[in-house]
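Inspection log for the structure reproduced underneath, given as structure tokens.
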Amino acid sequence: MDNAVYLRRAGKRSVKWDREMPSWVLTCGECGSKFDYCKIDDADLQSHFSPTKPDFPLGGFSMRCANCGSDAIYERTNLTYRA
């Protein structure tokens, strides 16, 4: 699926603007890089403007940073929204 949006102005060339789906992201405590936890289905406006955080297991879960490879325990409160 092409996530690109094409903008066209009257008498002007169209411009391609790539947009990513909104997602819940985590931030690595070691290197500070942000990485996707999961994408948010933006099929309806409710999930795009007022998304609900996904459920986590009690005590969090372990996940490895995609950038530095550091393992950490993440809680639901660590999720941030990226549009």
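Quick look at the numbers
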item	result
So Tyr81, is it under 13 Å from the mean Cα position of the chain (by Cα), at pLDDT below 95 and outside any loop (DSSP other than H, G, I, E, B)	yes
Residue in region 35-51 that is at pLDDT 90 or above, assigned to a loop (DSSP other than H, G, I, E, B) and touching a Cys at 6+ places or on another chain (Cβ under 7 Å) present	no
Qualifying positions in region 16-28 - assigned to a loop (DSSP other than H, G, I, E, B) and at pLDDT 95 or above	Cys28
Where a residue in region 50-61 is surrounded by 10 or more Cβ atoms within 10 Å (Cβ to Cβ) and its partner, wherever it lies, is among the hydroxyl-bearing types (Ser, Thr, Tyr), with Cβ under 6 Å and at least six apart	Gly60/Tyr74
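The values are calculated or read from the model by the stated rules, or taken from the named source; none is laboratory data. Values in this document were obtained by computation on a predicted structure and should not be read as measured data. We place every Cβ from the backbone using ideal geometry, glycine too, and count neighbours over all the protein chains shown.
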